[in-house]
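What follows draws every value from the coordinates through simple rules; no lab data is involved. Computed from a predicted model, the values in this text were never measured in an experiment. Quick reminder, even Gly has a Cβ in these numbers, built from the backbone with ideal geometry, and neighbours come from all protein chains shown.
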Amino acid sequence: MTFDVAHSRVDYSMLTESTPDNPKAEELYAKSFTIIEDVFGNEDFKTSELCHRGLASGTAPDVIYCEMGASIPQFYEGIESLMRA
């Protein structure tokens with residue numbers, strides 16, 4: 001699969017202390033993973049998709065990051081510096 005700036009691939013993982021060893025634990029882990037998929041897939045990533053669509057439209061000539069968004073450029077600068085190393 002080819003990736004570009006308009007596409008992302010997401011792999012979900014759930015870290016647990018142990019492998020489920022009974023049906024009740026399996027059910028609990030399954031419910032927890034469903035919540036993870038729902039929160040990230042239907043909330044966080046959907047919001048990011050809508051933001052990207054707005055930015056990609058070119059309507060706003062400038063973007064100002066604030067509050068939590070202020071760390072986004074720093075995050076990517078860190079990744080890029082590691083990739084150059």
Simple spin-label estimate for Glu26 and Ser13 in nanometres, 7 Å along Cα-Cβ: 2.4 nm
Residue among Ser32, Ser18, Ser48 with the largest mean-square fluctuation in a Gaussian network model of the chain, springs linking Cα atoms under 10 Å: Ser18
Inter-site label distance for Leu50 and Met83 at 7 Å from Cα along Cβ, in nm: 2.8 nm
Charge dipole magnitude, Cβ of K and R +1, D and E -1 - the chain, Cα centre, debye nearest 20: 200 debye
Among Glu67, Glu26, Glu49, residue whose mean-square fluctuation peaks in a GNM of the chain (springs only between Cα atoms under 10 Å): Glu67
